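Notes for the one structure printed next.
Any read-out appearing in this document is the output of simple, stated calculations on the displayed coordinates, not a laboratory observation. What you see is a predicted model, and the numbers here were worked out from it, not measured in a lab. As a convention, Cβ positions derive from the backbone with ideal geometry for all residues, glycine included, and neighbour counts pool all protein chains shown.
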Amino acid sequence: MLEAEGLDVFYGKAQVLSGLSLHVARGEVVALLGRNGAGKTTTLKALMQMLPVARGTVRLSGTEITGAPPYRVARAGLGYVPEERRIFTQLTVRENLEVGRQKPREGVPAWTEEGLFALFPNLAERADAPGRALSGGEQQMLSIARTLMGNPACLLLDEPSEGIAPVIVAEMVRAIRRLKGEGLTILLSEQTLPFARAVADRVAVIDHGRVVFEGTFDALDAAPGIRADHLAV
Ligand code: ATP
């Protein structure tokens, strides 16, 4: 579904991704794990073509998207939810969702407001509240819900559990599992192993802009060196 091969990305002269390769199969949830500054956000932005890819290719459903403008990448079915929640604070939850609405995609059931409120019951309760009145976790959920209104086939989530209350983290886990149940393909970045383990089928560990491990959680557990050397404890 989503394939990155040999990506090099630079910020100015500093190389941040070096030959990064990553594969997410259709319907799979993959966690991109790594320490602060390992290159997780850069990877997601590079996949979305929000940063220039100096070398390498990105394919979505077999079609090369390298170098395409991000709006086209979004239309091609890739949804991106940044770490900093991008919601309209003056608009209500309902209005925020309306802003995200896109034409239905062929072969994918279109998301409706009702469907999203069933996925995020917290948001249903705050449907007419302005974005600014929401908690951090609720804003994160609204940010995801708004992206889902674009009916993506594959979702990129940048640290969805970051800075949200534990009870909302549990809601987030439930929502991501349900999205997987709906057939969505998901790549999410994460710093913590427990959240990743709760939602993902497989894990890719990134350090200094390269993938140093890709496999199941069982395989990761069997390779304690990877955890010690490349993950925050
Ligand atoms: P975090 O958990 O802090 O979000 P991350 O794994 O997502 O970390 P990135 O944000 O991708 O890491 O950053 C990777 C490296 O690139 C870091 O060394 C960071 O300092 C550097 N970097 C990030 N953004 C820029 C930028 N706009 N200009 C220059 N360097 C940057």
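Could you estimate the translational diffusion coefficient of the chain from the Stokes-Einstein equation, with Rh from the Kirkwood formula over C-alpha pairs, at 4 °C and 1.567 mPa s, in whole µm²/s?
Values: Rh = 17.9 Å.
Rounded, D is 72 µm²/s.
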inquiry  = Give me the extension gain from Thr192 to Arg101: residue separation times 0.36 nm, minus the current Cα-Cα distance, reported in nm with one decimal.
reply    = 29.6 nm
Charge dipole magnitude, Cβ of K and R +1, D and E -1 - region 1-110, Cα centre, debye nearest 20 = 180
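Taking R0 as 25 Å, what FRET efficiency do you get between Ala118 and Ala25 from their Cβ-Cβ distance, rounded to the nearest 0.05? Intermediate results must be reported in sequence, preceding the final value.
Numbers: r = 26 Å, r/R0 = 1.06.
The calculated FRET efficiency here is 0.40.
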remark   = Here the alpha-carbon Rg of region 185-229 over 2.2 N^0.38 Å rounds to 1.08
key: Inter-probe distance in nm under a simple model that places probes 7 Å from Cα toward Cβ, at Glu84 and Arg177   = 3.3
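When Asp158, Asp218, Asp8 are ordered from fewest to most other Cβ atoms inside 10 Å of their Cβ, what list results? Can you show the working numbers first?
Details: Asp158 21, Asp218 8, Asp8 17.
Exposure proxy ranking, most exposed first: Asp218, Asp8, Asp158.
Tell me, what is a quarter of the convex hull surface for the C-alpha atoms of region 52-131, in nm² with one decimal?
Values: hull surface 27.2 nm².
That works out to 6.8 nm².
Using per-residue counts of other Cβ atoms within 10 Å, averaged over each peptide, order 1-7, 201-207, 68-74, 114-120 from highest down. Display every interim value, and only then the final one.
Values: 1-7: 19.6, 201-207: 21.1, 68-74: 14.7, 114-120: 17.1.
Sorting 1-7, 201-207, 68-74, 114-120 by mean packing, highest first, produces 201-207, 1-7, 114-120, 68-74.
Using Cβ counts within 10 Å as a stand-in for footprinting exposure, how do Ser21, Ser161 rank, fewest first?
Ranked by crowding around the Cβ, least crowded first: Ser21, Ser161.
Treating only the Cβ of Lys, Arg, Asp and Glu as charged (+1, +1, -1, -1), what charge dipole size does the chain show about its Cα centre? Round to the nearest 20 debye. Let's see the in-between values first.
Numbers: 26 positive and 27 negative charges, 86 e Å.
Taking the Cα centre of the chain as origin, the dipole is about 420 debye.
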query = Starting at 0 and stepping by 5 Å, how many percent of the alpha carbon pairs of region 94-163 end up in each bin?
reply = 3, 17, 29, 25, 17, 7, 2, 0
query = Using Cα atoms only, what is the angle between the long axis of helix 166-181 and the major principal axis of the chain, expressed in degrees (0 to 90) to the nearest 10?
reply = 80
ask   = Can you give the % of DSSP beta bridges in region 2-230 that are antiparallel, to the nearest 5?
value = 55
request  = Would you calculate the separation in nanometres between label points at Leu91 and Arg210, each defined as 7 Å from the Cα along the Cα-to-beta-carbon direction?
outcome  = 4.3
Amide H within-cut-off set for Tyr80, under 5 Å, with H built and near neighbours excluded = Leu156
note = The exposure ranking of Lys13, Lys40, Lys103, Lys45, fewest beta-carbon neighbours within 10 Å first, is Lys13, Lys103, Lys45, Lys40
request  = Can you tell me what the convex hull of the Cα atoms of region 1-103 projects to on average, as an area in nm²?
outcome  = 7.9
